[in-house]
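Report on the following structure.
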Amino acid sequence: MTEQLLGIKNVGKHYADHVVLQNVNLSIVKSEFVSLVGMSGGGKSTLLRMIAGLEKPTAGKITQDSQEVTNLNPKVKMMFQDDRLLPWMDILHNVTLGENNDSAIQRALFLLKQVGLEKYISAYPKQISGGQKQRVALARALMPQPEILLLDEPLGALDALTRMKMQDLILQIWKNTGIAMVLVTHDINEAVRMSQKIFVVKDATVVQEYHNEFQGQMDEESKKGQDNLSNQITDEIMQE
Amino acid sequence: MNKKSITIERMLPWLLPLGMVLIWESAVRLNIITLDLLPAPTEIFVDAWNLLRTGELQKNLSISLYRATVGFLLGGSIGFILGVLNGTSKVCRLLLDSTVQMLRNIPHLSLIPLLILFMGIGETSKVTLVAIGCLFPVYINTYHGITSIDPRLMEMGRSYGMSRVKLFTKIIFPSALPTILVGIRYALGVMWTTLIVAETVSSSSGIGYMANDAQQFTNMDTILLCIIIYALFGKISDLIAKNLEDWLLEWQS
């Protein structure tokens with residue numbers, strides 16, 4: 001049995017009277033690629049933020065490598081829907097977050113090459129496209145070699161073609177690095193294409209878990225399998 | 001853009017002032033305006049030359065520059081530090097901002113009699129007045145710049161484990177810098193206005209004193225020379241500020 005990396009046990013979150021999440025239970029193993037899908041406002045991003053340590057659960061506990069996550073989780077990095085690049089730094093320094101030491105620069109150059117932006121190291125965010133900015137954000141998230149990469153709808157603002165290319169890139173990086181990935185997306189097809197496991201978040205909790213044997217596959221048979229799974233998940237979400 | 005266009009662009013702002021000087025010179029030479037009422041630009045130039053030869057112009061120029069620079073640096077620094085403190089610390093903001101806002105609304109030139117009483121008519125009162133004038137524009141813009149930072153960038157910085165110092169140097173300060181620089185440019189204008197008044201009211205040196213002294217002898221050449229010097233100082237300091245802005249905010253263009 002593969003070692004558990006992240007454990008979420010009876011986790012809940014509420015703000016005053018508003019319950020965002022309750023009794024959430026799920027686990028992620030090393031190098032796993034999972035997705036959280038569901039309606040807007042369902043608590044998916046909140047769950048991601050709690051895993052990252054940006055917010056604290058009001059009930060239950062989150063553990064990583066058997067240690068409870070109570071503050072900012074250094075083993076986890078997050079990619080947001082907006083790139084959040086610093087406009088006053090060039091691309092290279094956006095990836096290093098301003099560090100100038102040799103090892104940081106070398107690693108940043110390596111990662112920028114991985115995401116296909118090695119020719120843009122001196123450009124500023126203003127000078128590159130939305131898709132390129134998200135690739136820089138991806139390189140930045142990979143800099144500290146996290147154990148888990150949280151992807152909070154990072155492809156939501158991109159056009160369809162750029163989105164597909166980014167999906168391929170993320171999958172490639174996942175295969176190369178073995179970093180566990182947790183993707184929040186509204187796009188069920190995207191979740192099915194990219195993930196090994198899909199959790200459906202509904203009514204403030206995780207209601208269903210789907211295992212996906214068709215992850216990343218492009219043949220006709222697999223595409224049919226993906227479509228079937230997408231339909232199942234959609235029905236689950238839409239069910240009263 | 002080719003070299004010719006750049007040259008034309010650089011020359012255009014000077015066309016109007018040069019044109020006005022030419023019209024002025026012509027008007028005096030053709031007796032449209034009498035020499036006693038308004039001396040010709042060439043007369044003012046001759047007066048400047050004479051004052052340079054006697055050393056009086058340099059002496060007064062340097063003392064005015066000293067007052068302006070020290071006052072600006074002092075007031076600007078205090079305004080910046082207060083702006084940073086109140087912008088980054090809730091406790092400081094609650095303690096200090098209200099008081100600063102109250103003081104800001106007092107016309108600083110009305111403090112001249114008070115400053116003279118407390119500090120005399122020497123350098124301290126003049127420099128203090130300039131400092132007070134410069135403090136508030138820098139404070140307001142620094143405070144506003146810091147409190148207007150995109151919270152998403154701050155969250156990104158925190159999620160990447162940035163320390164408070166790094167958050168300030170890598171995110172807060174660069175983000176607030178455009179607004180701070182606007183405050184500095186505004187403060188430079190206030191600096192010259194304040195200096196003119198301070199040197200006119202109570203001084204025995206400086207450009208303002210030179211103008212005041214010239215007025216007593218109805219020496220129009222020197223009065224106008226002083227006005228032109230203030231205009232040039234203002235323009236030069238604004239140019240310096242603008243170039244500083246262009247250099248520091250290169251990423252914006």
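Key figures
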quantity	calculated
Other protein chain Cβ atoms within 10 Å, averaged over every residue that makes up A:118-125	1
Charge dipole (region B:55-248, unit charges on Cβ, about Cα centre) - positive-most of B:Thr142, B:Gly183, B:Gln215	B:Thr142
Two-decimal Rg/Rh across chain A, once Rg and the Kirkwood Rh are taken from alpha-carbon atoms	0.97
Antiparallel bridge percentage (DSSP; both residues within the protein assembly as shown; nearest 5)	55
Contact order relative to length of region B:55-248, as percent, for alpha carbon pairs under 8 angstrom and 6 or more apart	27
FRET E, pair A:Asn228, B:Arg164, Förster distance 56 Å, beta-carbon r, rounded to 0.05	0.60
Paramagnetic reach from A:Glu240 (point 7 Å along Cα→Cβ, amide N under 17 Å) across region A:190-211	A:203
Degrees separating the helix A:160-177 axis from the principal Cα axis of chain A, which is the longest one	90
Cβ-based charge dipole, region B:55-248, positive-most Cα from B:Ile78, B:Ile171, B:Gly157	B:Gly157
Whole-number accessible area per residue in Å² for region A:64-175, which is evaluated in the context of all protein chains at 1.4 Å	45
Inter-label distance, nm, simple model (7 Å from Cα along the C-beta direction), A:Gln81/A:Ala59	2.7
Rel. contact order, % - alpha carbon contacts under 8 angstrom, at least six apart, chain A	24
Neighbourhood charge, 12 Å Cβ-Cβ cut-off, centred on B:Ala48 and excluding it, Lys, Arg +1 and Asp, Glu -1	-3
Theoretical FRET efficiency, 1/(1+(r/R0)^6), r = Cβ-Cβ of B:Thr34 and B:Trp247, R0 56 Å, to 0.05	0.75
Subset of A:Lys119/A:Lys165; A:Lys61/A:Lys133; A:Lys56/A:Lys197; A:Lys75/A:Lys197; A:Lys75/B:Lys166; A:Lys77/A:Lys165 violating a 23 Å alpha-carbon distance limit	A:Lys61/A:Lys133; A:Lys56/A:Lys197
Inter-chain shielding of A:77-86 (mean C-beta neighbours from other protein chains, 10 Å cut-off)	4
Helix runs (DSSP H) in chain B reaching 24 Å along axis by Cα, Kyte-Doolittle at least -0.5	B:3-29, B:56-88, B:123-147, B:173-201, B:220-248
Where labels lie 7 Å past Cα in the beta-carbon direction, separation of A:Asp159 and A:Lys126 in nm	2.3
Ellipsoid semi-axes in whole angstrom, largest first, where each is sqrt(5λ) of the Cα gyration tensor of chain B	41, 26, 13
Estimated [θ] at 222 nm from DSSP helical runs (n ≥ 4, -39500 (n - 2.57)) normalised by residues in chain A, nearest 500	-11000 deg cm²/dmol
Test item: A:88-95 mean partner chain Cβ contacts at 10 Å	2
Folded to 0 to 90 degrees: helix A:130-142 orientation relative to chain A principal axis, Cα	80
Estimated translational D of the protein assembly as shown in µm²/s (Stokes, Kirkwood radius over Cα pairs; 10 °C; 1.306 mPa s)	57
Chymotrypsin sites (Phe, Trp or Tyr not before Pro) within region B:131-223: DSSP coil, no more than 14 neighbouring Cβ in 10 Å	B:Phe217
Extended-chain gain in nm, criterion 0.36 nm per residue less alpha-carbon gap, B:Arg93 and B:Gln58	8.2 nm
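The values are calculated or read from the model by the stated rules, or taken from the named source; none is laboratory data. Predicted model, so just to flag it, every value in this text is computed and none were measured. Cβ sites come from the backbone with ideal geometry, for glycine too, and all protein chains shown count toward neighbours. These area figures cover heavy atoms from the full protein model, side chains too; ligands, DNA and RNA do not enter into them. Shrake-Rupley method; radii C 1.70, N 1.55, O 1.52, S 1.80 Å.
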